[in-house]
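Only the coordinates and a few stated rules stand behind these numbers; no lab work does. Quick caveat: nothing in here was measured; it's all calculated off a predicted structure. Neighbour counts run over all protein chains shown; Cβ positions are idealised from the backbone, glycine included.
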Amino acid sequence: MEVNILCIGAGYVGGPGMAVLAQKCPHCRVTVVDIDAKRIAAWNSDSLPIYEPGLEEIVLQTRGRNLFFSTAIERGIRENDIIFVSVNAPTKTFGVGAGMAADLHYWEKTARQILKHSQSPKIVIEKSTLPVKTALAMERILKGVGSGINFEVLSNPEFMAEGTAIKDLEYPERVLIGSRETESGLKARDTLVEIYLTWVPREKILTSNIWSSELSKLVANAFLAQRISSINAISALCEKTEADVGEVAKAVGMDSRIGPKFLQASVGFGGSCFKKDILNLVYLCRHYSLEEVAAYWESVVRINEYQQERFILNMLQAMFNTLSGKKICLLGFAFKANTGDTRESPAIFIARRLLEEKAEIVISDPHALTNARCDMEGVEGRISYEGNPYDALRGCHAIAVLTEWEQYRSLDFQNIFEGMVKPAFIFDGRNILDHQRCFDIGFNVYPVGKPPLTHF
Ligand code: NAD
Ligand code: UGA
C-alpha cells in the first residue's frame, strides 16, 4: 500500500531527510513543500539549494519517482495523512524572551494551516527542534476548534549533523519518537515506527513520552556544545601554561567514560542550532525559576563567545597590536567542513571584528562564498571573495584558518609563503595544519591551545 507523506519545510533537515526517506521507502510517496518558491525551484533544478556530500545522487535517483518538491502547501495538507514539520524556529528577536526564547510564529502558522486544510485524520510530526511542551500548543490549536478530525501530534527530533547528513540519516545511531500514551497516540507512534523499520534496526528506534522526546533533543545539543566549550576553555589555559590541548584532549578522551569525540579545540562552535537550542534551554529553566541551571548552560554560550574574541585578541597581539591596513585571508567561512552553511559561523564574527580593526579581508571557501556574501552584505570595510586559496593568499599579511576543509591541509605552503608579506602569520583556528612544517618554511604559527611557533 502506498503511504503518502508530506514534509513542510524544505531546508537542511527537510530536504536531505525526505530524500533519504524516499530512497529507503520506495512504497512511500514523499512531497516536500515550502513557502520559499526560490528554494523549491532550486530543489527541482540541477543546482540544489544546499551542499551536502552524497545528497545530489539520492535526489537524482528519487526526484519525480517518489520524491516531489512543491509550493502547493494546501494541496499537500489535503492529500497526505502523515505530515512532518521541519520549519525553522529561530531565536526570538523581539518582545518577551528576545535573544533567548524560540520564535514559534512559523510553527503556529503551520499548525493553523494544517487545521484549515485538513479533511481527514492526520499524524503531525515535529521534526524541528522545539521547546518542551510545544506539542501541547500544537494539539490545542489542532483540537481546540472541534473540527471533528482526529490529529495526533508526535515528536521525532532530528539528530543528523551537516556535512555527514546522508550517512547520519541512512545509519542513525538512534531514532527517537515521542507520543502521547493514549490508545490513538500509541497507534500513531506505531505507524511512524513502521516507516523507520524499513531501514533502521528495531533496537535503534527509541520510543518515549512526548515531553521527554522534545527535551532530549535540546539536551543532546547542549551536551555536545558543552564538550566543545569545555575543551575550548582548557585551550585558553594551555596557551598560558605551555600544555598542548591536543595532547590533553587525547589523554582525557582515552578514558572510555569520557570518550574521544567532540574534543577538538577550535575558534568556537557555529551552526544554526547549538546557540539557539542552548538559549532555548536557558529560557525554559528561567521560566521554571531554575536560575542556577540556567546560568550553568548559559556559560556554554559565553565561553564560545569568549573563544572567538580571544582568537581576535591573539591575532592583534601577535601582529604588533595593529591590524589596520593589513590584508588577512580567512581560509574557510562555513561553520564546519563539507557544508556551504554559514549560519552562526565563527567566521562571521571574526570577519566583522577584523574589519572593525580596519584590516582588509579576503574570504575564501570552496562552497560557502554565496552565503558569505549575504552574511557580509552591508558591512563596512574592504572585503573581497576568492575561491582559489592561492589567489586569495597572494599579498596577505596573515592567514586565519576558520574551517577544517580537508584540502587546506595539503596546500603548498612554501609557494604561499613566498607570495605573502613578511613576517607572515598563520592563526590556525582549527589546528589542522602541519605547524612545525609551516614554521620551518618561515611562518609565525599560532595554533589554538598550543605553544606558538615564532621566529621572533
Ligand atoms: P532551514 O531554515 O534550512 O529550513 C526551514 C524551512 O522552512 C525554510 O526553507 C523556510 O522557508 C520553511 N518554512 C518556514 N515557515 C514555513 C511555513 N509556514 N510553511 C512552509 N515552509 C516554511 O532550517 P533547518 O536547518 O532545516 O532546520 C529546521 C529545524 O530542524 C530547526 O528547528 C532546527 O533546529 C532543526 N534541526 C536542524 C538541523 C540542521 O543540521 N540544520 C539538524 C537537526 C535539527
Ligand atoms: C549539530 C549536532 O552534532 C547534531 O547532532 C544536531 O542534529 C544538529 O547540531 C542540529 O540540531 O542542528 P551540526 O551543527 O550540523 O550538528 O554540526 P557539528 O558537527 O555538531 O558541529 C557544530 C560546530 O561545532 C561546528 O562549528 C564545528 O566545527 C564545531 N566543533 C565540533 C568543534 O569546534 N569541535 C569539535 O570537537 C566538534
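So for the chain: antiparallel DSSP bridges make up what percent, rounded to the nearest 5? Please report the intermediate quantities before stating the final value.
Details: 3 of 52 bridges.
That works out to approximately 5 percent antiparallel.
Reported to two decimal places, what Rg/Rh ratio describes the chain when computed on Cα atoms with Rh from the Kirkwood expression? Could you put the intermediate results ahead of the total?
Numbers: Rg = 23.8 Å, Rh = 23.7 Å.
Rg/Rh for the chain comes to 1.00.
For a Förster distance of 45 Å, can you work out the FRET efficiency between the beta-carbons of residue 384 and residue 61, rounded to the nearest 0.05? Before the final figure, lay out each step's value.
On the way: r = 39 Å, r/R0 = 0.86.
In this case the efficiency is close to 0.70.
For the range 80-176, count all C-alpha to C-alpha pairs, find those more than 19 Å apart, and express that count as a whole percent of the total. Spell out each step's value before the answer.
On the way: 2243 of 4656 pairs.
Above the 19 Å cut-off, the range 80-176 has 48 percent of its Cα pairs.
Once you charge only the Cβ atoms, +1 for Lys and Arg and -1 for Asp and Glu, what is the size of the charge dipole of the chain about its Cα centre, to the nearest 20 debye? Show your work: numbers first, answer last.
Details: 50 positive and 55 negative charges, 151 e Å.
Computed about the Cα centre, the dipole is about 720 debye.
If neighbour count is taken as other Cβ atoms inside 10 Å, put 168, 365 in order from fewest to most. Kindly include the intermediate steps, with their values, before the conclusion.
Values: 168 18, 365 26.
Fewest-to-most Cβ neighbours within 10 Å comes out as 168, 365.
Among 263, 237, 169, which comes first, second and so on when ranked by fewest other beta-carbon atoms within 10 Å?
Values: 263 20, 237 12, 169 26.
Neighbour counts put them in this order, fewest first: 237, 263, 169.
Add +1 for every Lys or Arg and -1 for every Asp or Glu among the other residues with Cβ under 9 Å from the Cβ of residue 451, and state the total. Walk me through the intermediate numbers first.
Numbers: positive: 450; negative: 239, 242, 244.
That sum, taken over residues with Cβ under 9 Å, equals -2.
If you bin every alpha carbon distance in the range 387-453 into 5 Å steps from zero, what whole percent lands in each bin?
The distribution over the range 387-453 is 4, 18, 32, 30, 13, 2, 0, given as percents.
Within 10 Å of each candidate Cβ there may be at most 13 other Cβ atoms; applying that plus a DSSP loop requirement, which GluC sites (Glu not before Pro) in the range 158-201 survive? List each step's numbers first, then the result.
On the way: sites: 158, 162, 170, 173, 181, 183, 194; in loops: 158, 162, 173, 181.
Answer in residue order: 173, 181.
Of all chymotrypsin sites (Phe, Trp or Tyr not before Pro) in the range 269-363, which ones are in loop regions per DSSP and have a Cβ with at most 13 other Cβ atoms within 10 Å? Before the final figure, lay out each step's value.
Working: sites: 269, 274, 283, 288, 296, 297, 306, 311, 320, 333, 335, 349; in loops: 269, 288, 320, 333, 335.
Those satisfying the criteria are 288, 320.
Distance between Cα centroids, the range 381-438 to the range 294-309: provide it in whole Å.
For the range 381-438 versus the range 294-309, the Cα centre distance is 28 Å.
May I ask you to work out the translational diffusion coefficient for the range 329-456 at 37 °C, viscosity 0.692 mPa s, via Stokes-Einstein with Rh from the Kirkwood sum over Cα pairs, reported in whole µm²/s?
The estimated diffusion coefficient comes to 225 µm²/s.
Considering the dipole of the range 319-359 built from charges on the beta carbon (Lys and Arg +1, Asp and Glu -1) around the Cα centre, which of 342, 322, 354 is farthest to its positive end?
With unit charges placed on the Cβ atoms, the residue in question is 322.
So what is the 222 nm mean residue ellipticity for the chain from helices alone, if each DSSP H run of at least 4 adds -39500 (n - 2.57) and you divide by all residues, rounding to the nearest 500 deg cm²/dmol?
That comes out to -13500 deg cm²/dmol.
Which of rounded, prolate, oblate describes the range 324-399, given a ≥ b ≥ c as roots of the alpha-carbon gyration tensor eigenvalues and a/c under 1.5 marking rounded, otherwise prolate only if a/b is larger than b/c?
Numbers: a/c = 1.86, a/b = 1.23, b/c = 1.51.
Since a/c reaches 1.5 but b/c is at least a/b, the shape of the range 324-399 is classed as oblate.
Quick one: how many lysine pairs does the range 175-315 have with C-alpha atoms less than 24 Å apart and a gap of 8 or more or different chains? Give me the count, please.
Within the range 175-315, the lysine pair count is 11.
In µm²/s, what is D for the range 172-322 at 20 °C and 1.002 mPa s, where D = kT/(6 pi eta Rh) by Stokes-Einstein and Rh is the Kirkwood radius from Cα pairs? Provide the component values of the computation, followed by the final result.
Values: Rh = 18.2 Å.
Rounded to a whole number, D works out at 118 µm²/s.
State to the nearest 20 debye the size of the charge dipole of the range 1-89 about its Cα centre, where the only charges are +1 on K and R beta carbons and -1 on D and E beta carbons. Mind showing how you got there, number by number?
Values: 8 positive and 10 negative charges, 23 e Å.
For this selection, approximately 120 debye.
Test of the criteria: in the range 396-456, which GluC sites (Glu not before Pro) are in a DSSP loop and have at most 10 other Cβ atoms within 10 angstrom of their Cβ?
Listed in order of number, the matching sites amount to none.
Could you tell me what percent of the DSSP beta bridges with both partners in the range 23-124 are antiparallel, to the nearest 5? Walk me through the numbers before you get to the answer.
Numbers: 1 of 8 bridges.
That works out to approximately 10 percent antiparallel.
Given N residues in the range 1-124, what is its alpha carbon radius of gyration divided by 2.2 N^0.38 Å? Don't skip to the end; give the middle numbers.
Numbers: Rg = 15.1 Å, N = 124, 2.2 N^0.38 = 13.7 Å.
My calculation over the Cα atoms of the range 1-124 gives 1.10.
To one decimal place, what Kirkwood hydrodynamic radius in Å is obtained for the range 115-219 from all pairs of distinct Cα atoms?
Values: mean 1/r = 0.0693 Å⁻¹.
That comes to 14.4 Å for the range 115-219.
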